[in-house]
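See below for the structure under consideration.
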Amino acid sequence: MLILGKEVSKTTRLEIAEKVKEFEAKYNRVPCLSVIIVGEDPASQTYVRNKVLGCEEVGMKSLKYEFPDGTNQEDIANVIRTLVADKNVDGILVQLPLPKGYDEKYLLDLIPETKDVDGFCANNIGLLALGTPRTISCTPFGVMKLLASTGVDLKGKHAVVVGRSNTVGKPMAMLLLNANCTVTVCHSKTTNLEEICKSADILVVAIGKPKFLKANMVKEGAIVIDVGINRVDGKLCGDVDFDEVEKKASFITPVPGGVGPMTISMLLYNTLMAAQDRENG
Ligand code: NDP
């Protein structure tokens, strides 16, 4: 059965839009997300455009700061510092990856956890690891919502996460662990990947390799979540060979229209939460 991220995302955004209205009525302003983009990478440009459109859709304000590749890093850092101090800004996001030569950690570390709506800062990741999350990374957070939409009880299930990036794989594994799954994390040095994947009740793939996961790596009836976004011959596809795997999975996310729309919805949710937290002191 298909997990329709687009539909779940639509419902989530309607709920957020309602809460934004209530927020505006109470505080006489709307939540505000600021987005920083460096360089002209087309995929990043598309993601940022969709984030700005997402804000419009739910009635939030967005501020976009675009810098050409080669801009002095300190100039970008100063804009971040200004946004950190700005009382009207609730969330600050630096679109990743940055072009070569920029120090990603240095720039991200300027964002305090209270405005870190991507959930990437060390404190937010640490709180998640402790099982007491504050702001959760948007993509894994969205995946948890999609899993919830299946109605399947996650407790005690063997969840396998393929990929261990700080932004997707690691927080995904921690969320599944917090949901009482038994979690295995795989990566490029994992030796018996096929065997481990085949033992998964829940399989989350986030590696950035088009159609990598084949049917022979999937247990009959597994839930398969495809985080990958790859462009092949101008078309989008995931990390899962959808046509093969669909026949074996009990639930599966398509690409596009699966995890992607949820990522932006959870970013909007995180921005609303950050705004509410700031108003509540
Ligand atoms: P990264 O490149 O940061 O990490 C990739 C991970 O996959 C690494 O941990 C790497 O292992 C692992 N890996 C690579 N090749 C293999 C392999 N053959 N077998 C097992 N593991 C492997 O990618 P991201 O986590 O940032 O993104 C992953 C994918 O998800 C991309 O396609 C990206 O576009 C997509 N994405 C989608 C989003 C959405 O909204 N849907 C949001 C964010 C990302 P190692 O650590 O050993 O190198």
Checking the cross-link filter: which lysines have an alpha carbon closer than 22 Å to that of Lys214, excluding same-chain neighbours under 8 positions apart? Lys157, Lys189, Lys198, Lys235, Lys247, Lys248
Residues Asn230 and Lys189, FRET efficiency given R0 of 25 Å [Cβ-Cβ distance, rounded to 0.05]: 0.70
Leaving ligands, DNA and RNA out of it, report the carbon-plus-sulfur percent of the accessible area of the stretch 198-274 at a 1.4 Å probe. 55 percent
Estimated vicinal HN-Hα couplings, Hz - the stretch 191-207 in sequence order (Karplus 6.51, -1.76, 1.60; Gly, Pro = x): 8, 10, 4, 4, 4, 5, 4, 5, 8, 7, 7, 10, 10, 10, 10, 9, 10
If you stretched the chain out fully between Lys64 and Asn180, how much longer would it get, using 0.36 nm times the residue separation minus the C-alpha to C-alpha distance? 37.9 nm
In the P(r) worked out for the chain, what percent of Cα pairs fall beyond 37 Å? 13 percent
With +1 assigned to the C-beta of every Lys and Arg and -1 to the C-beta of every Asp and Glu, and no other charges, what is the dipole magnitude of the stretch 27-113 about the Cα centre in debye, to the nearest 20? 300 debye
Please report the antiparallel percentage of the DSSP beta bridges confined to the stretch 142-281, to the nearest 5. 15 percent
I'd like the Kirkwood hydrodynamic radius of the stretch 138-259, using the inverse of the mean 1/r over distinct C-alpha pairs, in Å. 14.0 Å
If unit charges are put on Cβ atoms (+1 for Lys and Arg, -1 for Asp and Glu) and the dipole of the chain is taken about its Cα centre, the option from Asn124, Gly151, Leu236 lying farthest towards the positive end turns out to be Gly151
Estimated dipole of the chain in Debye, rounded to 20 [Cβ of Lys and Arg +1, of Asp and Glu -1, Cα centre]: 420 debye
Using the Cα atoms of the stretch 27-113, I'd like the radius of gyration and the largest Cα-Cα distance, Dmax, both in angstrom. 13.0, 41
Just Pro210, Pro133, Pro68 to compare: in a GNM of the chain, with alpha carbon springs under 10 Å, which one fluctuates most? Pro68
Bin all alpha-carbon pair distances of the stretch 108-157 at 10 Å intervals from 0 and give each bin's fraction as a whole percent. 26, 43, 24, 7
Go through Ser149, Ser9, Ser188 and list them by solvent-accessible area, largest first, probe radius 1.4 Å. Ser188, Ser149, Ser9
What does the helix-only formula give at 222 nm for the chain: each DSSP H stretch with n ≥ 4 adding -39500 (n - 2.57), the total divided by the residues, and the result rounded to the nearest 500 deg cm²/dmol? -13500 deg cm²/dmol
Contour excess over end-to-end distance, with Cα ends at Leu130 and Thr11 and 0.36 nm allotted per residue: 39.9 nm
Taking +1 at the Cβ of each Lys and Arg and -1 at the Cβ of each Asp and Glu, which of Ser44, Ala85, Tyr106 sits farthest along the dipole of the stretch 38-113 towards its positive end, judged by Cα position relative to the Cα centre? Ala85
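Could you do me a favour and compute the accessible area per residue for the stretch 138-259, 1.4 Å probe, result in Å²?
44 Å²
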Among Lys87/Lys170; Lys51/Lys87; Lys64/Lys100; Lys21/Lys64; Lys61/Lys145, which pairs are too far apart, with a Cα-Cα distance over 26 Å? Lys87/Lys170
Whenever you get a sec, line up Arg231, Arg278, Arg13 from highest to lowest accessible area (probe 1.4 Å, protein heavy atoms). Arg231, Arg278, Arg13
Between Asn123 and Lys248, how many nm apart are label points set 7 Å from Cα along the C-beta direction? 4.4 nm
At 20 angstrom or more along the helix axis (alpha-carbon based) and mean Kyte-Doolittle of 0.0 or higher, what helices does the chain contain? Whole DSSP H runs only. 259-279
Please report, for the Cα atoms of the stretch 1-64, the Rg to one decimal and the Dmax as a whole number; what are they, in angstrom? 14.1, 44
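The values are calculated or read from the model by the stated rules, or taken from the named source; none is laboratory data. Keep in mind that what you see is a predicted model, and the values were worked out from it rather than measured. Positions of Cβ are generated from backbone atoms using ideal geometry, with glycine treated the same way; all protein chains shown enter the neighbour counts. Quick note on the areas: whole protein, heavy atoms, side chains included, nothing else; ligands and nucleic acids left out. Shrake-Rupley method; radii C 1.70, N 1.55, O 1.52, S 1.80 Å.
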